[in-house]
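Student: Attaching a single structure in structure tokens format; questions to follow.
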Amino acid sequence: MLIAVTRGVSPAIADCELTHLERTPIDVDTAREQHTAYEAALADLGCRIERLPVEPGLPDSVFVEDVAVVLDEVAVITRPGAESRRDERSSIERTLAPYRLLARITSPGILDGGDVLVAGRDVHIGITSRSDLAAIDQFRTIVGDHGYRVHGTAVRGCLHLKSAVTALDDDTLVLNPDRVDVGDLGDRRCISVDPSEPDAANVVRVGGTVLVAAAFPHTAERISAAGFTVRTVEVSELAKAEGALTCCSLLFEVSAT
Ligand code: CIR
């Protein structure tokens, strides 16, 4: 069965980190409604939701993806690139401990889970303001014995690698070719975002269904035309905090009990 770890929206989300966007007012109630609808979509697709308590002192803590990378064999607790986000780790560690062996990225390395794209046994890690070569080396050491190939990957004009590319399955990617070089991503089928929707590459696949942000209907059509079932979710308020779809959950398989 699939577990989705989530965390409710902090009342302090307006104080979130911002890298590429101007700060605009964020309505916490609207953000919470959208987040709840996102969780409902995941539950509807068969995920068991493990929702962590809201963290009033941690503005970005709804974006749980950045704090861990959960593989079948091990969960890697990151060392987030933004110092304001490092206290998000303890609760995520406690949550994942029953399910996986834990490993940790340590200083001086920095890594955000939003920079880690897993496609089959290839792990691409974006080299960004949040993730560096020291962490990529550590990650390679942690997962190398499990047969993963770890690649540092250049990213342009966005916060994380997964703002540029995500995986629909082991062999199919959806990407914005202005933000990442297709040639860096191995020999896979690539669906480009619609040029009018540069932020549309961040999608979540659950089983045979792909969640796409409602703001990106043209890219949703392209994914649908490629043979995937698409479902849209509204995350416009979370997007003001530079959040997208993958960042609001940690998804992983556990054996049913
Ligand atoms: C941050 O800058 O850390 C947050 N405001 C947004 C993080 C979004 N995370 C993600 O896309 N993986």
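The values are calculated or read from the model by the stated rules, or taken from the named source; none is laboratory data. No experiment lies behind these values; they were computed from the predicted model shown. Methodologically, a virtual Cβ is constructed for each residue, glycine included, from the backbone with ideal geometry; neighbour enumeration extends over all protein chains shown. Heavy atoms of the whole protein, side chains included, go into the accessibility calculation; ligands, DNA and RNA do not. Shrake-Rupley method; radii C 1.70, N 1.55, O 1.52, S 1.80 Å.
Student: Can you tell me how many residues within the stretch 159-206 are assigned to a helix (DSSP H, G or I) and open to solvent by 20 Å² or more (accessible area, probe 1.4 Å)?
Tutor: Our first condition is that a residue be assigned to a helix (DSSP H, G or I); within the stretch 159-206, this holds for 161-163, 182-185.
Of the ones still in play, those that are also open to solvent by 20 Å² or more (accessible area, probe 1.4 Å) are 162-163, 182-184.
Adding up the residues that qualify gives 5.
Student: Being within 19 Å of the chain's Cα centre (by Cα) and open to solvent by 60 Å² or more (accessible area, probe 1.4 Å) is the filter here; which residues of the stretch 207-218 pass it?
Tutor: We begin by selecting, within the stretch 207-218, every residue within 19 Å of the chain's Cα centre (by Cα); these are 207-216.
Scanning the stretch 207-218 gives a single hit, 215.
Student: Does residue 103 qualify as being away from the ligand (no atom under 16 Å from the Cβ), more than 21 Å from residue 202 (Cα to Cα), at pLDDT 95 or above and part of a strand (DSSP E or B)?
Tutor: Numbers: away from the ligand (no atom under 16 Å from the Cβ): yes; more than 21 Å from residue 202 (Cα to Cα): yes; at pLDDT 95 or above: yes; part of a strand (DSSP E or B): yes.
So residue 103 passes the test.
Student: Select, from 80, 11, 59, the only residue that is more than 20 Å from residue 113 (Cβ to Cβ) and either in a loop (DSSP other than H, G, I, E, B) or under 15 Å from the mean Cα position of the chain (by Cα) (or both). Working first, answer last.
Tutor: Values: 80 fails: more than 20 Å from residue 113 (Cβ to Cβ); 59 fails: more than 20 Å from residue 113 (Cβ to Cβ).
From the options 80, 11, 59, the qualifying one is 11.
Student: Restrict the check to the stretch 30-45 and report whether at least one residue is assigned to a loop (DSSP other than H, G, I, E, B), in contact (Cβ under 8 Å) with a residue 60 or more places away in the chain and farther than 30 Å from residue 108 by Cα. Can you show your working first?
Tutor: The initial filter retains those residues of the stretch 30-45 that are assigned to a loop (DSSP other than H, G, I, E, B), namely 45.
Subset that is in contact (Cβ under 8 Å) with a residue 60 or more places away in the chain: 45.
If we keep only those that are farther than 30 Å from residue 108 by Cα too, we end up with 45.
Yes.
Student: From the set of residues in the stretch 16-40 that are under 16 Å from residue 247 (Cβ atoms), in contact with a Cys (Cβ under 9 Å, 6 or more places away or on another chain) and not hydroxyl-bearing (Ser, Thr, Tyr), which is farthest from the ligand (Cβ to nearest atom)?
Tutor: Ranking the candidates gives 39 first.
Student: If you don't mind, there's one more thing I want to ask. Which condition breaks for residue 77 when tested against (1) of a type in the set (Val, Ile, Thr); (2) open to solvent by 30 Å² or more (accessible area, probe 1.4 Å); (3) touching a strand residue (DSSP E or B) at 6+ places or on another chain (Cβ under 7 Å); (4) without any contact (Cβ under 8 Å) to a residue 40 or more places away in the chain?
Tutor: Going through the list (1) of a type in the set (Val, Ile, Thr); (2) open to solvent by 30 Å² or more (accessible area, probe 1.4 Å); (3) touching a strand residue (DSSP E or B) at 6+ places or on another chain (Cβ under 7 Å); (4) without any contact (Cβ under 8 Å) to a residue 40 or more places away in the chain, residue 77 breaks only (2).
Student: Now, a different point. I'd like the residue in the stretch 219-236 that is open to solvent by 20 Å² or more (accessible area, probe 1.4 Å) and in a helix (DSSP H, G or I) and, out of all such residues, is farthest from the ligand (Cβ to nearest atom). Break it down stepwise before answering.
Tutor: So the first thing to find is which residues in the stretch 219-236 are open to solvent by 20 Å² or more (accessible area, probe 1.4 Å), and the list is 221-222, 224-232, 234, 236.
Among the residues that remain, those that are also in a helix (DSSP H, G or I) are: 221-222, 224-225, 236.
Numbers: 221: 23, 222: 21, 224: 23, 225: 26, 236: 14 Å.
Checking each candidate, the answer is 225.
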